[in-house]
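Working notes, beginning with the structure itself.
The values are calculated or read from the model by the stated rules, or taken from the named source; none is laboratory data. Keep in mind that this is a model prediction, so the values were computed, not measured. Here the Cβ is made from the backbone with ideal geometry for all residues, glycine too, and neighbour counts use every protein chain on show. The accessibility values were calculated without ligands, DNA or RNA, using every heavy atom of the protein model including side chains. Shrake-Rupley method; radii C 1.70, N 1.55, O 1.52, S 1.80 Å.
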There are 2 protein chains.
Amino acid sequence: MTDGEPEFRARLDAAAADTDALLDELLSEHREHGELQRPARLLEAMRYAALGGGKRLRPFLVLETSALFGVPRGHALRAGAALECVHCYSLVHDDLPAMDNDDLRRGQPTTHKAFDEATAILAGDALLTFAFDVLARDEVHPNAAVRVALIQALARAAGIGGMAGGQMLDLAAEGRFGPRRTPAAADIATLQAMKTGALIEYACRAGAMLGEAGTEAASALARYGRAIGEAFQIADDLIDLESDSVTAGKTTGKDAAAGKATLVATLGRDAARARLSTLTDEAALALGALPQDTSVLSAAARFIAGRRK
Amino acid sequence: MTDGEPEFRARLDAAAADTDALLDELLSEHREHGELQRPARLLEAMRYAALGGGKRLRPFLVLETSALFGVPRGHALRAGAALECVHCYSLVHDDLPAMDNDDLRRGQPTTHKAFDEATAILAGDALLTFAFDVLARDEVHPNAAVRVALIQALARAAGIGGMAGGQMLDLAAEGRFGPRRTPAAADIATLQAMKTGALIEYACRAGAMLGEAGTEAASALARYGRAIGEAFQIADDLIDLESDSVTAGKTTGKDAAAGKATLVATLGRDAARARLSTLTDEAALALGALPQDTSVLSAAARFIAGRRK
């Protein structure tokens, strides 16, 4: 197995460029069947939220896991774009004053700062809704049963038992709804597996679903997804603790200020770094169960664990 | 054709009872596959928003249009419950301080008043997401292609080209984003066809989709849905103008205070009442294209046009 680093970088960039181009096309003024209008300000806010840069890590993971099974890139790109709409909606809503009250995202004003709160709420709602419109299209997969499976898995990953539920647990851990109690490490792990992990795991499972892979391959990719999902969050918490806002492109130092429950705060930095290393090994082990060349996915795991922004 | 009024009332009540029971079951603590937790406060807020009464008009329309084609009631109930989740999410978000800032809904405190703003935002998000989880299930229809069609049509009806877009146009007409301009009657009709009409039209189209009906029947039900959707909004605007808060179960007189663009304000009450009568005729005409007994749906159209709360 090669190191895969240069190839990984090139493929991550290509995934980002192709996802941006597709989102640009999907979120155009062109009305789909049954739409009377696409109100200009709402469309502009959705585009602001969805086209504002970002590494497009989740679409990249959909593309790379799909490629293992020979899924046409166009299919995987569509599924990845739908997933990115869900990710971007969550950022818009999480940044709202009533939520995390963030002014800065990817180095730019957050959507409610660039527009206004009502527009940001509706843009998030519309992006979430749009994701399911996109996933339902023939261009994602010719087999409707596969599209339904993708839709249901995305709804579960994003809903009360996934991302939205995790955000709720996160606010609760801050003491929003009662006295603040320092959660146990296991509770933080659950919270983060829901808040951040679920969508990343979904991205990896999507390839197996699109490729109609067997249960063994699907389960290996789910394990890989869970490992890199947890690694992603730990790396994110380390960035918040150690990086400055300019490097990170968003307000940092907020977790400590808000008393956010993070594994880094609970375990300490050294233990968190050791956990990152374990998770990278776990990801590699999961990939080892697949006969295909998975060097790019291995490099992705190392990148996620080591990122600084 | 009979008057259908007593049967209509009985069937509307039965639809409400069965929808409530199903939503109660779906929104229980029981975790679905892949869900690590259903955070108690978020679940409670979702239940508060979704089980808070309401006529369940949209599920009723799904049930009745489905019954025309012999669709099993259990299938239609599931589709109706999913649609109701979308409707209830929209009420939660529309009531938020940054949106319409309403304290009262169905005679009870709105979700952000009963809980808090962050919880209300997440409960709305999670209800919207949950709708697609429910629609993707086998229990809605054995044919995945039918479920995908239902999902896509719901996403379109609720998204930028439908309900969310209509809400945006409504805020714009209030002068939120620039100088207030009195919109033309045609613009108000578009706004309301998107904001309120799209979900009601969807409810009527859902029966044809579940019943895999031919294009003629589907088109007749879509026409029926558009007519009653417009009638519903005009009746709603008349209630806001003429009813008191206790009767209506929500804050009234707000449209005039907010300078809301309504057809009643633009055309006047008499012309609005005449339009209601025309729409009831249009609905009956559309139903006339169907060979089935549609007396309950006719009664529904008259009820919608004549309702006072």
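General remarks:
- Computed from the C-beta positions of A:A21 and A:S277 and an R0 of 35 Å, the FRET efficiency is 0.45 to the nearest 0.05.
- Chain B contacts chain A over a buried accessible area of about 4700 Å², both sides summed; the probe is 1.4 Å and only protein chains count.
- Hydrodynamic radius of the stretch A:1-148 by the Kirkwood approach over all distinct alpha-carbon pairs: 16.1 Å.
- Charge dipole magnitude, Cβ of K and R +1, D and E -1 - the stretch A:1-110, Cα centre, debye nearest 20: 200
- Spin-label model distance (nm) - B:R137 vs B:E216, 7 Å beyond Cα toward Cβ: 3.6
- Distance between the modelled labels on B:S295 and A:F177, one decimal in nanometres: 4.9 nm (7 Å Cα→Cβ projection).
- Max mean-square fluctuation residue, GNM over chain B, Cα-Cα springs under 10 Å, options B:G80, B:G229, B:G268: B:G268
- Ranking A:F8, A:F69 by solvent-accessible area of protein heavy atoms (1.4 Å probe, all protein chains present), from largest to smallest, gives A:F69, A:F8.
- Test item: B:163-175 mean partner chain Cβ contacts at 10 Å: 5
- For chain B, built as a Gaussian network whose Cα springs stay under 10 Å, the top-fluctuating residue of B:H30, B:H87, B:H112: B:H30
- Student exercise, the protein assembly as shown dipole from Lys, Arg, Asp, Glu Cβ charges, in Debye to nearest 20: 320
- Alpha-carbon spread of the stretch B:5-306, three principal axes, descending order, Å: 49, 49, 34
- Top positive-direction residue, dipole computed over the stretch B:35-111 with Cβ charges, set B:C85, B:L96, B:P59: B:P59
- The GNM of chain B, with springs linking C-alpha atoms under 10 angstrom apart, assigns the highest mean-square fluctuation among B:E201, B:E230, B:E242 to B:E242.
- Cβ-Cβ FRET estimate between B:E5 and B:S243, R0 fixed at 22 Å, reported to 0.05: 0.55
- Our summary gives chain A a relative contact order of 20 percent, counting only alpha carbon pairs under 8 angstrom and 6 or more residues apart.
- Cross-link table B:K55/B:K260; A:K55/B:K113; A:K113/B:K55; A:K195/B:K55; A:K195/B:K260; A:K260/B:K195, entries beyond 30 Å C-alpha to C-alpha: A:K55/B:K113; A:K113/B:K55; A:K195/B:K55; A:K195/B:K260; A:K260/B:K195
- Solvent-accessible heavy-atom area per residue, rounded to whole Å², over the protein assembly as shown at 1.4 Å: 37
- Mean shadow area of the protein assembly as shown, taken as a quarter of the surface of its Cα convex hull (nm²): 25.9
- Residue-averaged beta-carbon neighbours from other chains (10 angstrom radius) around B:188-194: 2
- Charge dipole magnitude, Cβ of K and R +1, D and E -1 - chain A, Cα centre, debye nearest 20: 400
- log₁₀ of I(q)/I(0) at q = 0.14, 0.22, 0.23 Å⁻¹ - the stretch B:263-309, Debye sum with one point per alpha carbon: -0.39, -0.77, -0.81
- Label point of A:R47 (7 Å along Cα→beta-carbon): distances to the other copies' equivalent points are 4.4 nm, sorted ascending.
- Calculated label separations, B:S28, copies of the chain, 7 Å along the beta-carbon direction, nm: 4.8
- Per-residue mean of foreign Cβ neighbours for B:91-102 is 3 (Cβ atoms of other chains, 10 Å radius).
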